[in-house]
Ligand SMILES: N[C@@H](CCC(=O)N[C@@H](CS)C(=O)NCC(=O)O)C(=O)O
């Protein structure tokens, strides 16, 4: 399985790099405000997972700088995702709400729809 998944993963990363979407042009001041509005978000993900690539591409297209948490690189992220989110599936968006409660959003389509409202 690894022998099939590894080259497909590299190909996905290469295509993503070559056909990288453009970010909107904003002034430094507006970008700072956009960054502040997404500071409560973290994306639990893997570099070559196609659904994660799709989500990261949408983030780039929207010009959003959301913290990326690689669940294979850091064991504590993987454990936190499973323990608190309920499953290991990525991408998953961790949303820390104003009252400090946490929402774990799992579907890439839902994540992208949710993130779109932070772009301006
Ligand atoms: N429908 C989901 C699919 C996500 C998905 O299948 N992710 C894979 C990696 S590409 C995964 O995490 N599989 C391991 C698991 O579900 O435990 C989405 O659109 O986000």
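A few points about this structure:
- Stretched out straight at 0.36 nm per residue, the stretch from residue 28 to residue 40 would grow longer than its current Cα-Cα span by 2.3 nm.
- Helix-only mean residue ellipticity at 222 nm for the chain, each DSSP H run of n ≥ 4 adding -39500 (n - 2.57), per residue, nearest 500: -14000 deg cm²/dmol
- Cβ-Cβ FRET estimate between residue 20 and residue 107, R0 fixed at 22 Å, reported to 0.05: 0.40
- Oblate is the label for the chain, because the ratio a/c of its alpha-carbon gyration tensor axes (a ≥ b ≥ c) is 1.5 or higher and a/b is not greater than b/c.
- Taking other C-beta atoms within 10 angstrom as a stand-in for reagent exposure, 94, 117, 60 fall in the order 117, 60, 94, fewest first.
- Beta bridges by DSSP in region 36-120, antiparallel share as percent, to the nearest 5: 65 percent
Readers should treat all values here as calculations from the given coordinates under stated rules, not as data from a laboratory. Quantities reported herein were computed from a predicted structural model and do not represent experimental measurements. Backbone-built Cβ (ideal geometry, glycine too); neighbour counts: all protein chains shown.
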